[in-house]
Amino acid sequence: MQPSPIAYALPVFLLAIAVEAGVARWRGSRSYSLPDALTSLHFGYLSEVERTLARLLVIAVYAAVYRTFHAFELPTNAWWVWVGTVLAYDFCYYWVHRFGHEVNLIWASHQVHHSSEYFNLSTALRQTGTGSLLKWPFYLGLAVIGVPPTVFAGAAFIDLLYQVWVHTEQIGRLGWLDRVFVTPSNHRVHHGQNDYCIDRNYGGILILWDRLFGTYADERAAEPVVYGVRKPFHSYNPVWGNFVLYRELLVASRAQPTWRDALAVWFGPPQGWGAAVPHADFKDFQRFEKPIPRGVRRACLVQSALLTAASVYYVLMATRLPWSGRLLSGGVILLAASLIGLQLEGRMALHPRHWRLRAPDITPIPPEDTP
Ligand SMILES: [Zn+2]
Ligand SMILES: [Zn+2]
């Protein structure tokens, strides 16, 4: 099995993030915060670890369904098969994404992508580390039609890659494109927690699906988008961020009097069955921010760079390792990402002389962080 192509694309993503952060700084726009952007990257690395582990199973199941049920023999090298598959994949993606917002079990996984209160290219890499096993059944229809596994994997990558550029505040409205394709403007709405943004604009490449199924909302100039989720977990620890809502659902479901009520907790929408999304006022909204001493920032940057190299190496090499090696090295990446998160939160620091954990001296600094 080939390693995830994300590993090869990562240097380009990191360069694009640096350029966007530079443009934002030059324009005086507060689109970036260093700990938030580093945390987004770390979420992305955890996501790749999970995908690397789960891909074998997902592709094996897809290939088995394809071999057993495929209705048509579709060629892998015809352009119309690729165009048709990307469109069909994007249609399935719309529904996976919609369920990801409207069913708690899947929202617990997808909320990771929405957990940043900033909106920039690093947010595109803030992907869930628990999604692979929940989402793949939605795409099995493509195997039944006869989309070969290699074309399916290619379409999935194209859909994911397309969505990177739409995570930016540096590109404004794009006219008619905003009503046909997913663009920065309509995806800003998707990441908003304003009343008019909730459960809107689920599309991956085409926003036409939202217009077709009644979930489209245009960006409003008079009502600036407030990014993030209404129940923020306020942490730079990506392991905690991946499991926090599952834990909450488990506690809530165990408190229910009947099995039926307990299941409703997992399969109902985040606001509860039959309830409308409540109104929220963002006049006094403050983004999650922790003052971080300069030394800790520098130490975290160095550790994050090392974690980046280790994660790329893991994705490239993991398929050649035995399962014990994959799990062990994946666990080391999880641990390292958690430790950086704890340092960013000021809950521990690596002492440069003794290389041991100690409580840091927190000196407040002005909140104008850019990577
Ligand atoms: Zn979403
Ligand atoms: Zn997004």
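The values are calculated or read from the model by the stated rules, or taken from the named source; none is laboratory data. Everything numeric here is computed off the predicted structure, so don't read it as measured data. FYI the Cβ positions are ideal-geometry reconstructions off the backbone, even for glycines, and counts take in every protein chain you see.
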Review point. Which of (1) within 16 Å of ligand 2 (Cβ to nearest atom); (2) of a type outside the set (A, V, I, L, M, F, W, C); (3) buried (at least 22 other Cβ atoms within 10 Å of the Cβ) does residue 52 not meet, given it meets every other one?
Key: (1)
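Being over 30 Å from residue 341 (Cα atoms), within 22 Å of the chain's Cα centre (by Cα), touching a residue at least 12 places away in the same chain (Cβ under 8 Å) and surrounded by fewer than 19 Cβ atoms within 10 Å (Cβ to Cβ) is true for just one of 246, 196. Which residue is that? Even if it seems obvious, please write down each step before you answer.
Working: 246 fails: over 30 Å from residue 341 (Cα atoms).
Result of the check over 246, 196: 196.
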Exercise for review: For segment 314-333, indicate whether the set of residues that are surrounded by 14 or more Cβ atoms within 10 Å (Cβ to Cβ) and either among the aromatic types (Phe, Trp, Tyr) or in contact with a strand residue (DSSP E or B) (Cβ under 8 Å, 6 or more places away or on another chain) (or both) is non-empty.
Suggested key: yes
**Study point:** Any chance residue 306 is of a type in the set (A, V, I, L, M, F, W, C), more than 22 Å from residue 112 (Cβ to Cβ) and surrounded by fewer than 14 Cβ atoms within 10 Å (Cβ to Cβ)
**Key:** yes
Revision key, fill the gap. The condition from (1) touching a helix residue (DSSP H, G or I) at 6+ places or on another chain (Cβ under 6 Å); (2) modelled with pLDDT of 90 or more that residue 298 misses is numbered (1)
Point to revise | Matching residues in segment 108-138 - criterion: being at pLDDT 95 or above, hydroxyl-bearing (Ser, Thr, Tyr) and outside any loop (DSSP other than H, G, I, E, B) | key: 109, 122, 123
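Given 182, 147, which one is within 26 Å of residue 125 (Cβ to Cβ), touching a helix residue (DSSP H, G or I) at 6+ places or on another chain (Cβ under 8 Å), in contact (Cβ under 8 Å) with a residue 12 or more places away in the chain and crowded, with 16+ Cβ neighbours inside 10 Å?
Numbers: 147 fails: within 26 Å of residue 125 (Cβ to Cβ).
Being within 26 Å of residue 125 (Cβ to Cβ), touching a helix residue (DSSP H, G or I) at 6+ places or on another chain (Cβ under 8 Å), in contact (Cβ under 8 Å) with a residue 12 or more places away in the chain and crowded, with 16+ Cβ neighbours inside 10 Å holds for just one of 182, 147, which is 182.
Being more than 14 Å from ligand 1 (Cβ to nearest atom) and buried (at least 19 other Cβ atoms within 10 Å of the Cβ) is the filter here, so list the residues in segment 120-135 that pass it.
First, the residues of segment 120-135 that are more than 14 Å from ligand 1 (Cβ to nearest atom): 120-122, 125, 129-130, 132-133.
Selection gives 120, 121, 122, 125, 129, 130.
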Exercise for review: Could you tell me whether segment 167-179 includes any residue that is within 16 Å of ligand 1 (Cβ to nearest atom), surrounded by fewer than 21 Cβ atoms within 10 Å (Cβ to Cβ) and assigned to a helix (DSSP H, G or I)?
Suggested key: no
Exercise for review: Filter segment 199-243 for residues that are within 15 Å of the chain's Cα centre (by Cα) and at positive phi and give the result.
Suggested key: 228
Revision key, fill the gap. For segment 188-207 the number of residues that are assigned to a loop (DSSP other than H, G, I, E, B) and either within 11 Å of ligand 2 (Cβ to nearest atom) or aromatic (Phe, Trp, Tyr) (or both) is 5
Exercise for review: Collect the residues in segment 209-241 that are among the charged types (D, E, K, R) and either surrounded by fewer than 19 Cβ atoms within 10 Å (Cβ to Cβ) or touching a residue at least 60 places away in the same chain (Cβ under 8 Å) (or both), keeping them in residue-number order.
Suggested key: 210, 211, 218, 220, 223, 230, 231
Practice item. Being more than 14 Å from ligand 2 (Cβ to nearest atom) and either of a type in the set (A, V, I, L, M, F, W, C) or not in a helix (DSSP H, G or I) (or both) is the filter here, so list the residues in segment 92-106 that pass it. Key: 92, 95, 99, 103, 105, 106
Study note, to complete from the structure: Condition set within 22 Å of residue 37 (Cα to Cα) and in contact with a strand residue (DSSP E or B) (Cβ under 7 Å, 6 or more places away or on another chain), scope segment 76-119, selection surrounded by the most Cβ atoms within 10 Å (Cβ to Cβ): answer is 116
